[in-house]
Amino acid sequence: MSTQVARAHPVEAANLWRPHAPCTPHTCVEVTEPARALPLAVLRIAAVLFLLVVGVALCPFSGRIPAELIRRWCRWVVRAAGVRVRIDGGAAPDGGLLLVANHVSWLDIPLLAAVRPARMLAKSEIRQWPVAGWLTARSGALFIDRDRIRALPETVARIAGALRAGEAVAVFPEGSTWCGRAQGHFRRAAFQAALDAGVPVQPVRLHYRTARGAPGTAAAFVGEDSLLTSVWRVVRARELVAEAEVQEPMAPGSRPDRRSLARAAEASALLGARQVRLPGPRRAVPLPVPGAVRTAPVTGAEELPSVPSREALTA
């Protein structure tokens, strides 16, 4: 197995087109609670795999399955991993909708789909991942090739087409997973698709905590983590809670351009963050404000090059 396949987040030089978070398992992930017993952890992995296989088998019939049943199935996937689920806020609008959220974990995908089932926007590298790549492609994800900048307008057009057809498209505009104690910036390209299609934008704030209310980083899928390593850490963690806070949707025409729309969505999904200059090549990184609710920022929303009027990211 190649390093790129074995590693979910191969070390890359940060640049404009390949957002890169400074978070790593060594520096960011803390597992303080006693681990679950080995047999129970193995059982939880088996339960997650079973639910994923059932979901894939039913993909050809997804158009006939009620959205509420899909949302429940997504909750079951998270619960099967031993993580409690809490969703706050109103229901997401029907019809064409751009769902945007911060990105912390592979759990973000079923958690966001529990808010509203949607086609995910994923980086093209995910196609090469064992099992996960196949599952992502089968789910109807839209893919973005971050090495082909000239293809970005075409990707934006595909997103806009899905939105015009009344579908929901889910995007993680930070372009990379963050640990939850630090957050990135929302890239703007996918917001252009919402403007072109004339659909609302639904910000969702995702974060993980322990049952006692402290921020929980065990779910973070960052740095050199492999997918298997991250899954194993989650199923062995105790009392982990996943929360999705559904913010007020942004109506079509409420912002004049993709820049202001992205900034407004970022302020909503990443509320409580402030800009802090960290050492190294990465530019300013927002960190939680003392006393504020700590939130946690799959991936790949890129900037549009200078062309007239993001992207496809999945699990």
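Here are the numbers for the structure shown:
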item: Odd one out for LEU121 among (1) modelled with pLDDT of 90 or more; (2) under 23 Å from PHE143 (Cβ atoms); (3) part of a strand (DSSP E or B); (4) not β-branched (Val, Ile, Thr); result: (1)
item: Candidates VAL115, VAL171, filtered to the one that is in contact with a helix residue (DSSP H, G or I) (Cβ under 6 Å, 6 or more places away or on another chain), among the aliphatic types (A, V, I, L, M) and closer than 30 Å to TRP76 by Cβ; result: VAL171
item: Condition met for LEU40 (modelled with pLDDT of 90 or more, surrounded by 15 or more Cβ atoms within 10 Å (Cβ to Cβ) and either within 17 Å of LEU206 (Cβ to Cβ) or of a type outside the set (D, E, K, R) (or both)); result: no
item: Residue match in region 136-153 (condition: surrounded by 15 or more Cβ atoms within 10 Å (Cβ to Cβ) and under 24 Å from ARG233 (Cα atoms)); result: yes
item: Residue under evaluation ALA151, criteria (1) within 17 Å of VAL241 (Cα to Cα); (2) modelled with pLDDT under 95; (3) among the aliphatic types (A, V, I, L, M); (4) touching an Asp or Glu at 6+ places or on another chain (Cβ under 9 Å), criterion not met; result: (1)
item: Within region 55-65, considering residues that are open to solvent by less than 50 Å² (accessible area, probe 1.4 Å) and among the aliphatic types (A, V, I, L, M), the one nearest to PRO117 (Cα to Cα); result: ILE65
item: Members of region 179-206 that are closer than 19 Å to CYS28 by Cα and buried (at least 22 other Cβ atoms within 10 Å of the Cβ); result: CYS179, GLY180, GLN183, GLY184, LEU206
item: Test result for VAL48, loosely packed, with under 14 Cβ neighbours inside 10 Å, of a type in the set (Val, Ile, Thr) and not in a loop (DSSP other than H, G, I, E, B); result: no
item: Breaking point among (1) under 30 Å from ARG84 (Cβ atoms); (2) open to solvent by less than 10 Å² (accessible area, probe 1.4 Å), for LYS123; result: (2)
item: Residue check, ALA81 of a type in the set (Gly, Ala, Ser), within 27 Å of GLN192 (Cβ to Cβ) and modelled with pLDDT of 90 or more; result: no
item: Which numbered condition ALA219 fails, given (1) under 16 Å from LEU112 (Cβ atoms); (2) open to solvent by 10 Å² or more (accessible area, probe 1.4 Å); (3) modelled with pLDDT under 95; result: (2)
item: Qualifying residue in region 160-170 (condition: in a helix (DSSP H, G or I) and open to solvent by 10 Å² or more (accessible area, probe 1.4 Å)); result: yes
item: Test: residue in region 173-189 that is assigned to a helix (DSSP H, G or I) and more than 18 Å from the chain's Cα centre (by Cα); result: no
item: Residue satisfying condition, being more than 17 Å from VAL78 (Cα to Cα) and modelled with pLDDT under 95, within set ALA193, ALA214; result: ALA214
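The values are calculated or read from the model by the stated rules, or taken from the named source; none is laboratory data. Please read these numbers as outputs of a predicted model, since none were measured by experiment. Glycine also receives a Cβ, built like all others from the backbone with ideal geometry; neighbour counts cover every protein chain displayed. Just the protein is used for accessible areas: all its heavy atoms, side chains included, with ligands, DNA and RNA removed. Shrake-Rupley method; radii C 1.70, N 1.55, O 1.52, S 1.80 Å.
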